[in-house]
1. Could we say that residue B:277 is part of a loop (DSSP other than H, G, I, E, B), within 30 Å of residue B:99 (Cα to Cα), within 14 Å of chain A (Cβ to nearest Cβ) and touching a residue at least 12 places away in the same chain (Cβ under 8 Å) here?
2. Got at least one residue in segment A:286-296 being touching a residue at least 40 places away in the same chain (Cβ under 8 Å), more than 14 Å from every other protein chain (Cβ to nearest Cβ) and among the charged types (D, E, K, R)?
3. Assess whether residue A:171 counts as being in contact with a Leu (Cβ under 7 Å, 6 or more places away or on another chain), closer than 22 Å to residue A:291 by Cβ, in contact (Cβ under 8 Å) with a residue 60 or more places away in the chain and at the interface with chain B (Cβ under 9 Å from one of its Cβ atoms).
4. If I go through segment B:287-322 residue by residue, how many of them are free of Cβ contacts under 8 Å to residues at least 24 places away in the same chain and in contact with a strand residue (DSSP E or B) (Cβ under 7 Å, 6 or more places away or on another chain)?
5. I'd like the residue in segment B:201-229 that is in contact with a Ser or Thr (Cβ under 6 Å, 6 or more places away or on another chain) and outside any loop (DSSP other than H, G, I, E, B) and, out of all such residues, is nearest to residue B:80 (Cα to Cα).
6. Can you tell me which residue in segment B:464-486 is nearest to the other protein chains (Cβ to nearest Cβ), limited to those that are aliphatic (A, V, I, L, M) and within 23 Å of the chain's Cα centre (by Cα)?
7. Specify which of the listed residues (A:278, A:304, A:266) is of a type in the set (Val, Ile, Thr), more than 14 Å from every other protein chain (Cβ to nearest Cβ) and in contact (Cβ under 8 Å) with a residue 60 or more places away in the chain.
8. Scan segment B:508-520 and give yes if some residue there is out of contact with any helix residue (DSSP H, G or I) (no Cβ under 8 Å at 6 or more places or on another chain) and among the charged types (D, E, K, R), otherwise no.
Amino acid sequence: MSLARFLIKRLLQGVFVVWGVVTIVFGLRVIAPGDPANVLLPPDVGPEVRQQVIADLGLDQPLYVQYWEFVSGIALGVPEGLFNIATGQPVGGLGLGTSLTTGTSVASRVGRSLPATLELAIMATVVAVVIAIPLGVISATNRYSVPDYGATLFSLAGISTPNFWLGVMLIIVLAVQLDLFPTSQRAIGIPGVVDLLVSGQLVAAAEGFRTWLWYITLPAITLGTYFTALITRLTRSGMLDELGKTYVRASRAKGLPDALVRYKHVLRNTLIPIITVVGLQLGTLIGGAVITEFVFDWPGLGQVLINSINSRDWPMVQGSLIVIAVGFVVVNIVVDTLYTLVNPRVGFD
Amino acid sequence: MPENGTNRRGFLKYAGGAAVTASLAGCLGGGDGGDGTDTPEGTDTDGTDDGGGDGTDTDDDMELPDFPVTITQGNMPSGLDPHDHRETPTDVVMLHVYEGLITRDAAGAVQPALATDWSRVEGEEAAQFQLREGVTFHNGDTLVGEDAAHSINRIVDEEVGFASPQSDQLAGVTGASAPDETTVQVTLDGLNPIVFSEFATYCDIMQRSWVEDRSKSEIGQTMNGTGPFKLDSYTQDEQVVMTRYEDYWDDPAEVSELTFTSAAESSTRVNQLLQGETDIIVNVPPQEVNRVNNSDAGSVAAAPSTRIIYNAMRYDVEPFSSKQFRQAMNYAIDLESIVSNVLGGFGTQTGQPTLPEFVGHNDDVGPYSYDPDEAERLVDESGHAGVEIELNTPVGRYLKDLEIAQAVAGYIDELPNVSASVNQRDFGSLVDELLTGNIEDKPPWYLIGWGEATFEGALVMTALLSTDGALTSWSNDEFDSLLETAANSTGEERIAALEEANALANEEAPWIFLNQQYSVYGVSSRVSWEPRSDERIDAYAMSQA
């Protein structure tokens, strides 16, 4: 199968997955408790006004009509049958609707939060890969030694530590007690740094990048710890598996230096399954950053999701979930494509 | 503030806010540059110098201090349109830029603001406000009667603007007009004894032409008021930055730059305060109080709020249909212990639906005493011995709500003739049941809180206990009649009716009376500020410690 056909096939599969997610998200809205009209209206308004608002929101329509308008709105970017309470105008735009609480575009709000979440997910991945792979290699090449036990202990602790607890501890110790990092928030994002760079403010851009790093360090460690532990374990077991194979003995018998055998041949082969896991985990991190974002007041999709759930702002909840799902699907397609390119033994089948 | 890195505020200044933030809605446009009023000397743009009512224009040569302050709430404002929201966090942001005709001081007393005089119009169902002269909007234009009238109409009349969610906050107001440049006449649909209470709490004044020149969406993204601070930048859901308005009609604020941020997680807010990243935080949980007070960074300051927490008992279902049983529930709980142990002292015991600071509070009525023997006797007398009851409570909505509910149910469960348990509920679904307008949809016994910023006991009792109240759980003809009397009278007669209604509520015990919730703030040691009962965090009242 050619690369083009492979991509088309995966994209079509992705469309069905996203459609499934959209359907589930719609179903969640239907079965979830809490009437959006109660969020929008003061408690003592009359039933007529309440009914009018429910009608304006399209919530008095049969479910299949609401579903059709919802799905077609997302697919085609046409009004979804929802109305902006403030203006009385039908909702249009990019198909994700308008926030019930702020009256602004969901697509624009979600789009603005996405870079923060992506930055966090990517930095957590970088932290994980930079720490985990060397640690896994050291652990595997020094089997049953002190470094191996240390790495194993670290992995166990990392996998079993809940990240909300870890985040709070990091804040208390490294930010409040030792004053090494800020406790929370995001002073500037990568788009801001790029803006400065493009406008020629090089010193400000460098300072912006340093500030960004300073703010993202603790959240990235918090989000990446579980991942780090996982990759360490994978690297260690993968290395051990590869080290026992005959090509390693053959290489050594040919007189190749041990370091060359380990890092050029063994590690390279070990990395193939790790790339898959890293890719999949990156997708998971985009959706899984909710708690970390909450603890660190990081203005990403997770914050948007929690705030909108609390306020029953369903268009915003739906928009956030759909963007997370699409992100996951896209990352998966990219990883699968890369995997087949990195490992020629796997074809585009 | 940490010295070893660039802080958020510092960085934004350094890099230039517009380049850094993605969606700044911008500084106030137009007139800012052209009004020639960027001097602290207090010369008004129209040449008048009437002293702004209090005769407190900025002293000549006075150097205004550089004193930036950051306030961190649990949520960011839902938008910047002062007439399109119902939330306290949004209100706290608004009050720094927009002002009402009249206002309240920290004790809740009505005070002049943009109006210097107000009165009822003889022989008419109307009220009149006399505007302060020489007040300017942040774009440099002078406040006139048309602006105030349009603002009132924008709230109460859908045809003028939009369906404002605040229309009920000006209940009884049907419209407004401006007979001349400094007078606003408000028409009422009856006597409306609380009209000035309503205006002291609600109705921010906007500039008519500014509003009419902008779309609804633009109005929600920028600000142009008359208050002591003017908008500098706004990043939706992230921060609002304001700067001191030096041509304010009263003394300019001591705070030079005011930033609003939010952190939903209480421990995050506490950590920000301890690290010096913010100056005022809201809702410090009782378990964090010592951590704040033991630090050098700040301390905890608390004030009784306008919110009452109570357990409603539906009068139409057994066993709560029995007055003896309802009274027994009040005698069964040790409210003093709940306030001191569960709430860490951050609460006041109640024994009537009206809080002490409110109009109509009956000083002769106290909380029920803790008397489990009397409770047991009353339960037996009610004929409901052996009953099992379940308390429905939201979780995390009010300060220690679940813990209060568990304590209440625990005390009642200790009675030998009643079994009580707690049912934790999602707030949204509980509120759905309370708001259907049908008493049968409500749970028989539930914990809920109610805030009333107007300081009017009548509004609390009407909404929560009158037969037709939006959230009522009770019906009593005598009580309804007393509220009716209060609604159609003023002065002493009205107060007496409300006090009698409170005494009756205490006797009939439609609720288990619980606590007045406190607003608990963390305040940086660099800021001097006293919290208020009405949950307003007023940076204008802040000074350097």
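The values are calculated or read from the model by the stated rules, or taken from the named source; none is laboratory data. It should be emphasised that the depicted structure is a prediction, and the values quoted were computed from it without experimental measurement. Positions of Cβ are generated from backbone atoms using ideal geometry, with glycine treated the same way; all protein chains shown enter the neighbour counts. Keep in mind that these areas ignore ligands, DNA and RNA; they rest on the heavy atoms of the full protein, side chains included. Shrake-Rupley method; radii C 1.70, N 1.55, O 1.52, S 1.80 Å.
1. yes
2. The answer is no, given that none of the residues of segment A:286-296 is touching a residue at least 40 places away in the same chain (Cβ under 8 Å), more than 14 Å from every other protein chain (Cβ to nearest Cβ) and among the charged types (D, E, K, R).
3. Numbers: in contact with a Leu (Cβ under 7 Å, 6 or more places away or on another chain): yes; closer than 22 Å to residue A:291 by Cβ: yes; in contact (Cβ under 8 Å) with a residue 60 or more places away in the chain: yes; at the interface with chain B (Cβ under 9 Å from one of its Cβ atoms): yes.
When the stated conditions are applied, residue A:171 passes them.
4. Summing the residues that are free of Cβ contacts under 8 Å to residues at least 24 places away in the same chain and in contact with a strand residue (DSSP E or B) (Cβ under 7 Å, 6 or more places away or on another chain) in segment B:287-322 gives 1.
5. B:216
6. Within segment B:464-486, the first condition is being aliphatic (A, V, I, L, M), and the residues that meet it are B:464-465, B:470-471, B:482-483, B:486.
Pick out the ones that are also within 23 Å of the chain's Cα centre (by Cα) and you get B:464-465, B:470-471.
Working: B:464: 10, B:465: 13, B:470: 4, B:471: 6 Å.
The extreme case among them is B:470.
7. Values: A:304 fails: more than 14 Å from every other protein chain (Cβ to nearest Cβ); A:266 fails: in contact (Cβ under 8 Å) with a residue 60 or more places away in the chain.
Result of the check over A:278, A:304, A:266: A:278.
8. The answer is no, given that none of the residues of segment B:508-520 is out of contact with any helix residue (DSSP H, G or I) (no Cβ under 8 Å at 6 or more places or on another chain) and among the charged types (D, E, K, R).
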